[in-house]
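Quick notes on the structure that follows.
The values are calculated or read from the model by the stated rules, or taken from the named source; none is laboratory data. Note that this is a predicted model, so its numbers are computed, not measured. Reconstructed Cβ throughout: ideal geometry from the backbone, glycine too, with neighbour counts over all protein chains shown.
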Amino acid sequence: MSVHHDGSALYVPDQHPRLGSNVDVWLRASADVRSVHVRSIEDGEPRFTAAVRDRRGGELWWRASVLVRNPVTRYRFLVDGDWYTVLGRFGHDVPDDTDFRLVAHPGPAPWTREAIVYQIFPDRFARSATAPATPGWAVRCEWDEPVDVAAASRQWYGGDLDGIARRLDHIQDLGADTVYLTPFFPARSSHRYDAVAFDRVDPLLGGDRALRRLADALHTRGMRLVGDLTTNHTGVEHPWFDQPDLYYMSADGGYESWLGVPSLPKLNWHSARLRERFVTDPDSIVRRWLRYLDGWRVDVANMTGRRAGDDLTLEVSRLIADAVRGARPDALLVAEHAHGAGGDLDAGGWQGTMNYAGFTRPLWTWLRGDPLPSPDFLGVPGPVPSRDGHAFVATMLAMMATMSWRSWTHSWNLLGSHDTARIRTVVGSLERMEVAAGLLATLPGVPMVFAGDEFGLTGTTGEASRTPMPWRTGTSVLPWYGRLLALRRKHPSLRGGGLRFAHVDADAIAFWRETHDERLLILARRASGAPVELAGVPEATNLYGGAAWTGALPGDGPTLQIWSVPA
């Protein structure tokens with residue numbers, strides 16, 4: 001370690017800065033560092049403040065004060081003439097976009113960072129005793145019938161909300177405390193992203209009363225429920241489609257749609273009526289369902305409000321965030337974004353993103369199996385590339401540098417979702433899958449588990465991954481999910497600690513998660529290699545993986561190891 005800083009409370013004790021306040025920031029440094037300044041940006045102009053030496057726990061630290069002059073205040077360190085930003089230490093000038101950030105916009109509720117999220121695709125999770133008639137758009141399937149990828153959106157397995165309520169023991173035993181449902185509004189497909197109404201719950205799922213029953217059952221257990229909101233489009237059969245000012249329509253009757261899919265016409269957020277119905281009215285869509293829900297995941301948030309010369313995304317995100325805070329100040333608001341989301345965050349709108357770019361993609365490239373059965377690489381043409389541990393860390397830091405620590409730690413980390421290949425298919429072996437689950441539980445960010453991953457279900461695409469849960473087959477839960485998520489729940493450093501890398505090579509990544517009172521050392525290894533000496537760690541207690549501490553990171557792999565080191 002030469003120097004280190006991140007946005008956790010160990011380095012930024014004031015985690016809720018206010019406009020006009022002065023916030024202390026700390027830099028951890030080796031003894032050879034002689035001079036440290038902090039450069040912050042005030043009203044667009046840089047300001048330098050000399051840092052002073054201090055000692056904490058026998059180590060050398062430097063402290064400086066930063067004025068929170070603007071809603072987002074950027075800062076970096078000047079260390080013996082070198083710049084130090086989120087990306088590391090440089091002997092040359094680097095762009096301001098990589099600076100650390102203090103954010104004074106209203107912050108998320110504390111629970112939203114502490115959560116462990118379990119994603120459910122309702123049609124394929126569990127049935128209740130009720131069996132409604134098959135809808136006209138659908139082909140009814142038996143629970144054990146394979147998914148037909150070519151017709152998957154028309155396949156109807158009959159999962160419903162009361163079925164979910166009957167399986168809450170499974171979700172809670174796994175360690176999750178927050179259920180995220182893909183859309184529950186009436187539609188003409190099993191995925192329900194083509195809503196035909198927003199004012200009621202699909203009767204096929206049990207209707208409004210079933211949602212209320214599910215919400216009550218979760219809340220009784222101290223758990224939470226998050227819905228899925230499509231702000232970019234509706235279904236073509238939605239009654240709004242008769243009102244052209246709500247959509248992007250042309251004079252000849254044509255219309256813009258999501259990625260050219262005719263059944264998904266795109267909403268026009270220039271429309272005052274759309275804003276009223278969706279957001280600002282007292283009984284708007286955003287507000288009314290927060291009577292039962294604890295927050296929203298926003299579908300296609302990156303495209304919402306964007307079309308050719310229009311770019312209303314930040315404006316719309318703030319509009320929705322204001323409505324959410326007005327209805328439920330403690331509600332969650334996380335945005336779907338399949339690539340770099342930094343430009344859409346820290347603007348008083350979305351609290352975080354689904355972290356495909358900074359977590360899922362780099363993890364897949366590092367842990368992918370060989371040979372790989374050609375899974376969908378999250379919309380990128382070609383197969384998942386094979387990359388080493390250096391690329392994993394570099395990718396994660398590059399994405400981290402585009403947003404605040406607050407946004408990063410409130411974003412959802414996921415091994416896969418209903419839109420991707422299954423993690424078991426990507427990594428191939430159960431040993432590497434355990435390493436993936438370990439990183440999900442130990443890296444900064446909110447863990448999100450897609451229902452079925454805990455059983456080791458497979459799938460090469462999103463549609464192929466939307467398989468019914470194997471309740472009837474007696475398939476057992478992979479044991480490490482519950483153990484790893486329990487460790488995350490138990491140890492504060494895994495939920496709110498800083499992140500400092502201890503070692504990176506092609507096949508191994510080791511890092512610290514630290515608070516004032518706790519230090520955990522995590523080793524993720526994709527393959528066997530030589531043991532790596534780690535100076536300054538005379539003793540450690542193994543919490544997971546079983547490897548006794550010998551003063552070196554063990555070389556056996558694949559493996560996931562966690563040690564507790566005296567703070």
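Looking at the structure I just gave you, is SER30 loosely packed, with under 15 Cβ neighbours inside 10 Å, modelled with pLDDT of 95 or more and hydroxyl-bearing (Ser, Thr, Tyr)? Spell out the reasoning first.
On the way: loosely packed, with under 15 Cβ neighbours inside 10 Å: yes; modelled with pLDDT of 95 or more: no; hydroxyl-bearing (Ser, Thr, Tyr): yes.
No; evaluated as a whole, the condition is false for this residue.
Among the residues that make up segment 459-470, is at least one of them among the charged types (D, E, K, R) and part of a helix (DSSP H, G or I)? Working first, answer last.
Looking only at segment 459-470, we keep the residues that are among the charged types (D, E, K, R), and these are 463, 466.
The next check asks that each one be part of a helix (DSSP H, G or I); those that pass are 463.
Yes, because at least one residue in segment 459-470 is among the charged types (D, E, K, R) and part of a helix (DSSP H, G or I).
Looking only at residues of segment 487-524 that are in contact (Cβ under 8 Å) with a residue 60 or more places away in the chain, crowded, with 16+ Cβ neighbours inside 10 Å and small (Gly, Ala, Ser), we find that the one that is farthest from ASN413 (Cα to Cα) is ALA508. A search for C-beta distances below 8 Å between a residue of segment 282-295 that is aromatic (Phe, Trp, Tyr) and any residue that is surrounded by fewer than 19 Cβ atoms within 10 Å (Cβ to Cβ) and modelled with pLDDT of 95 or more, counting only pairs 6+ apart in sequence or on different chains, returns TYR292/ARG212. When segment 341-371 is filtered for residues that are assigned to a loop (DSSP other than H, G, I, E, B) and over 17 Å from ARG387 (Cβ atoms), the ones remaining, listed by number, are ALA341, LEU345, ASP346, ALA347, GLY348, GLY349, TRP350, GLN351, ASN355. Just so you know, in segment 301-349 the residues that are free of Cβ contacts under 8 Å to residues at least 24 places away in the same chain and among the small types (Gly, Ala, Ser) include one that is farthest from THR73 (Cα to Cα), and it is ALA308. Among the residues of segment 177-200, those that are within 18 Å of ALA126 (Cβ to Cβ) and touching a helix residue (DSSP H, G or I) at 6+ places or on another chain (Cβ under 7 Å) comprise VAL179, LEU181, THR182, PHE184, SER190, HIS191. When the helices (runs of 4 or more DSSP H) confined to segment 159-224 are screened for residues that are within 21 Å of ARG287 (Cβ to Cβ) and free of Cβ contacts under 8 Å to residues at least 24 places away in the same chain, those reaching at least 1 such residues are found at 207-220.
Out of all the residues in segment 327-335, is one or more farther than 23 Å from VAL226 by Cα and among the β-branched types (Val, Ile, Thr)? No, that holds for no residue.
Just one residue in the set ALA567, ALA527 is at pLDDT below 95, surrounded by fewer than 17 Cβ atoms within 10 Å (Cβ to Cβ) and not in a strand (DSSP E or B); that residue is ALA567. Across segment 239-271, the qualifying residues are those that are hydroxyl-bearing (Ser, Thr, Tyr) and without any contact (Cβ under 8 Å) to a residue 12 or more places away in the chain, and the one among them that is surrounded by the most Cβ atoms within 10 Å (Cβ to Cβ) is TYR255. Hey, could you check segment 52-75 for residues that are in contact with a Ser or Thr (Cβ under 9 Å, 6 or more places away or on another chain) and not in a strand (DSSP E or B) and say which is nearest to VAL25 (Cα to Cα)? The residue in question is VAL68.
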